[in-house]
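Below is one structure, written out as structure tokens; the observations come after it.
Where a number appears in this text, it was derived from the coordinates with a stated rule and is not lab data. Note that the coordinates shown come from a computational prediction; the quantities given were computed from them, not determined experimentally. Please note: Cβ atoms are built from the backbone with ideal geometry, for glycine as well, and neighbour counts cover all protein chains shown.
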There are 2 protein chains.
Amino acid sequence: VTGRVTVAVDAGGADLGPAEVARGAAMAVREHDVRILLFGAAVGIEPAPGVELIDAPRSIAKAPDLARVVRAHPDASVVAAVQAVADGRADALVAGGTTGAALAAGLFRIKRAPGVHRPALAMPVPAPRHPFLMLDVGANVEVRPEHLVQFAHMGAAYAELVLGVARPRVALLSNGEEATKGTPDLVAAHELLSAAAERGAISFAGNVEGFAIATGAADVIVTDGFTGNVAIKVMEGASAAMLGAVRDAASSSMRAKAGGLLVRPALRGVRDRVDPERQGGAVLLGLRKLVVVPHGSFGARGIAAAVGVAARGVREDLVGRTHAALEAGGALRRREASSAAPVSMPERP
Amino acid sequence: VTGRVTVAVDAGGADLGPAEVARGAAMAVREHDVRILLFGAAVGIEPAPGVELIDAPRSIAKAPDLARVVRAHPDASVVAAVQAVADGRADALVAGGTTGAALAAGLFRIKRAPGVHRPALAMPVPAPRHPFLMLDVGANVEVRPEHLVQFAHMGAAYAELVLGVARPRVALLSNGEEATKGTPDLVAAHELLSAAAERGAISFAGNVEGFAIATGAADVIVTDGFTGNVAIKVMEGASAAMLGAVRDAASSSMRAKAGGLLVRPALRGVRDRVDPERQGGAVLLGLRKLVVVPHGSFGARGIAAAVGVAARGVREDLVGRTHAALEAGGALRRREASSAAPVSMPERP
């Protein structure tokens, strides 16, 4: 990409409404030197330099049966935004809160990259001490070993190119560290990745258990979209419960209250460090273009961060270099004839 | 059971050694009015009233291929302890840190209860605000819908009889709350449990997401042993990471340190409330006798709590009433001929 990066942003499904997404888009223009095509209901949205607003009032964010709905409604904001990327009018997509619809529309209009079995939703997790990338966190409820192997290579490429981790250590999430642990598919994936590591194609750290989210044992944790989806939500729930319990404790007595006041600024630092808005949300890897999926609850700052991720991914040629990593790892699907194979419906993470 | 309950305790695999388990056994005699048969290396163990020590120096806690090893070594401490329960010399088993071996030996010598497809490992999770029971957390890596249905009934019975929850709300762990979310097996289990709820056989709360561990949306959360194992370890890792970050924050400046000192007693209360030793560990449901599996890292207090769980389970006739619940729910396997079907190797949680 030469010149300024253009990012298509869908404002049609964010919990805080299109105006908040528009504020994030305007912020991103200032922070990340990008041009924005903003798709959504134009009513109440302030014009901003660098942001071109395309009125698309139909939102399908909450629709069931998305695979059908994205086909039926090319005018829906997320479908129009995806189309802009597919046509080359924009370089990447930021789907402001419409995860499920973005996945469905992305699969339908942008298509999978050549040789990729399944796109995967990758989420950079800002764990307090050891951040890591987890994928798949919801695009594929069931996977085969060769899918997991592709996730591993795509995740490693993303961690290196966008997160800046040199030679990322990739691990499989399992119920024990031994190579024989887990489902038969997971054991098979372990064998394939061990072989890839012997060829020097990947830095494979073997199996990790759920504890690994806190230990930094891996930079990239690979799993199926069901387990990954449960894992990130359990993590979020457990962190929130623990912070809530700490807050309760810090107001349980006069003494604790006084201490709580003194500790509060430092605790705010913890909260900010693990704030998911800073990461810009999840990224859909394995399509022909980059799709970034901020969480539906994100405010302007989170949307701006998502645009930053998209811009960086475009500038680093993430799509091309991910493909090169899959090729170098011998992980591309051999027979392109099967590219018309059915693709699973994505899940909202 | 009339008279004093007798609990067989295996001391052969605990991280802190047999002497620590013995201290827990002695504590349990005082606290729970039980008799103990303690199996392990007798060297260095103090005699205590109510505790009969059976010298069994062979430990197979760390052995691979446990299904074979438990058959080959009837003298191993955990196998001898299981045998005491199978023979009726003890009413229940507490396996002090030898989860995998206890599951293997339990399946081999105690056998599954009539009509039960698969035993499940159930763990009471002391979440800060809303404790709940999760199963399976590691006995079955892959399950079928009818297994999940049995887990639901067994978990409800346990929550009611041992944890004291009246009419526990049971939910399936999935990647979304809609009935259509999850793997095809999970969707099928949802249908079966919805039907059971319509008959009034169970209080079914539908699907819950990973967040539910913090919200109290369910008293019993049912899942396969792979996902459950990952989930409890992610939960443990996330809680530890968050507490660690809070500790770091509370020593990051003079001001924060002063506050930390004042809050510390209240924080200790949080830590104690979520302390897994208080719960006594996980319980293996679906065998002909009750097997309690404390965590390998537990000290005397955790072992004593595990014996307390075993005693309560025996006094409440947990095995008989769980079976009655399965029967009332129409969830027992119809053809007893298949009771010789192969049983999956349990996983160490």
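At a glance:
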{"item": "Rounded if a/c under 1.5, otherwise prolate or oblate - chain A, Cα gyration tensor axes", "result": "oblate"}
{"item": "Interchain or long-range residues, amide H under 5 Å from A:M134's placed H", "result": "A:M123, A:V125, A:I221"}
{"item": "Dipole of region B:183-340, positive end: most advanced residue of B:A231, B:I303, B:A218 [Cβ charges, Cα centre]", "result": "B:I303"}
{"item": "Per-selection metrics, the protein assembly as shown (Cα): Rg and Dmax in Å", "result": "26.8, 85"}
{"item": "Computed magnitude of the charge dipole of region A:49-169 (debye, nearest 20; Cβ of K, R +1, Cβ of D, E -1)", "result": "280"}
{"item": "Distances in nm from B:G164 to the matching label points in the other copies, shortest first (labels 7 Å along Cα to Cβ)", "result": "5.4"}
{"item": "Positive-pole candidate from B:A104, B:A25, B:V51, dipole of region B:6-114, charges at beta carbon", "result": "B:A104"}
{"item": "Shielding score for A:218-225, defined as the mean number of other chain Cβ atoms within 10 Å", "result": "1"}
{"item": "Gyration tensor verdict on region A:32-182 (Cα atoms; rounded if a/c is under 1.5, prolate if a/b is larger than b/c, oblate otherwise)", "result": "prolate"}
{"item": "Ordering of A:313-321, A:195-203, B:81-89, B:167-175 by burial proxy (mean other Cβ atoms within 10 Å per residue, highest first)", "result": "B:167-175, B:81-89, A:313-321, A:195-203"}
{"item": "Karplus 3J(HN,Hα) series, Hz, for region B:27-36 with 6.51 cos²θ - 1.76 cosθ + 1.60 (x for Gly, Pro)", "result": "4, 5, 4, 5, 8, 10, 6, 10, 10, 10"}
{"item": "DSSP beta bridge pairing in region B:1-129, given as percent antiparallel to the nearest 5", "result": "5"}
{"item": "5 angstrom amide H check on B:T180, placed H, neighbours 5+ away", "result": "none"}
{"item": "Residue-averaged beta-carbon neighbours from other chains (10 angstrom radius) around B:117-128", "result": "1"}
{"item": "Karplus-derived HN-Hα couplings along region B:304-309 (A = 6.51, B = -1.76, C = 1.60, θ = phi - 60°), whole Hz, x at Gly and Pro", "result": "4, 5, 5, 5, x, 4"}
{"item": "Cross-link reach list, aspartates and glutamates versus A:K289, counting only Cα pairs under 13 Å and skipping chain neighbours closer than eight places", "result": "A:D87, A:D91, A:E316, A:D317"}
{"item": "Phi-based couplings in Hz for region B:43-57 (Karplus 6.51, -1.76, 1.60; Gly and Pro marked x)", "result": "4, x, 9, 6, x, 9, x, x, 10, 9, 8, 10, 5, 9, x"}
{"item": "Cβ charges +1 (Lys, Arg) and -1 (Asp, Glu), total dipole of chain B, debye", "result": "420"}
{"item": "Proximal lysines relative to B:K257, as straight alpha-carbon distance under 28 Å, when same-chain residues fewer than 8 apart are discounted", "result": "A:K257"}
{"item": "Label point 7 Å beyond Cα along the C-beta direction, distances from B:E178 to other copies (nm, shortest first)", "result": "4.0"}
{"item": "Cα centroid of region A:24-88 to Cα centroid of region B:259-304, whole Å", "result": "50"}
{"item": "Nm distances between copies for B:D317, ranked from closest, using label points 7 Å along Cα→Cβ", "result": "7.5"}
{"item": "Cα-projected label distance for A:R264 with A:R321, points at 7 Å along beta-carbon direction, nm", "result": "4.4"}
{"item": "Average beta carbon contacts from partner chains per residue of A:137-148, 10 Å cutoff", "result": "1"}
{"item": "Antiparallel content of DSSP bridges confined to chain B, in %, to 5", "result": "30"}
{"item": "Shape category assigned to region A:1-112 from the gyration tensor of Cα positions, a/c cut at 1.5", "result": "oblate"}
{"item": "Estimated [θ] at 222 nm from DSSP helical runs (n ≥ 4, -39500 (n - 2.57)) normalised by residues in chain B, nearest 500", "result": "-13500 deg cm²/dmol"}
{"item": "Neighbour cut-off at most 16 other Cβ (10 Å), DSSP loop, GluC sites (Glu not before Pro), region B:61-170", "result": "B:E142"}
{"item": "Potential lengthening between B:D87 and B:I54 on full extension [0.36 nm per residue; Cα-Cα distance subtracted]", "result": "10.3 nm"}
{"item": "Region B:276-331, dipole about Cα centre (Lys/Arg Cβ +1, Asp/Glu Cβ -1), debye to the nearest 20", "result": "140"}
{"item": "Over 18 Å between alpha carbons, listed pairs A:K233/B:K181; A:K62/A:K111; A:K111/A:K233; A:K181/A:K233; A:K181/B:K181", "result": "A:K62/A:K111; A:K111/A:K233; A:K181/A:K233; A:K181/B:K181"}
{"item": "Net charge, A:A56 excluded, C-beta distance under 13 Å - Lys, Arg +1, Asp, Glu -1", "result": "-3"}
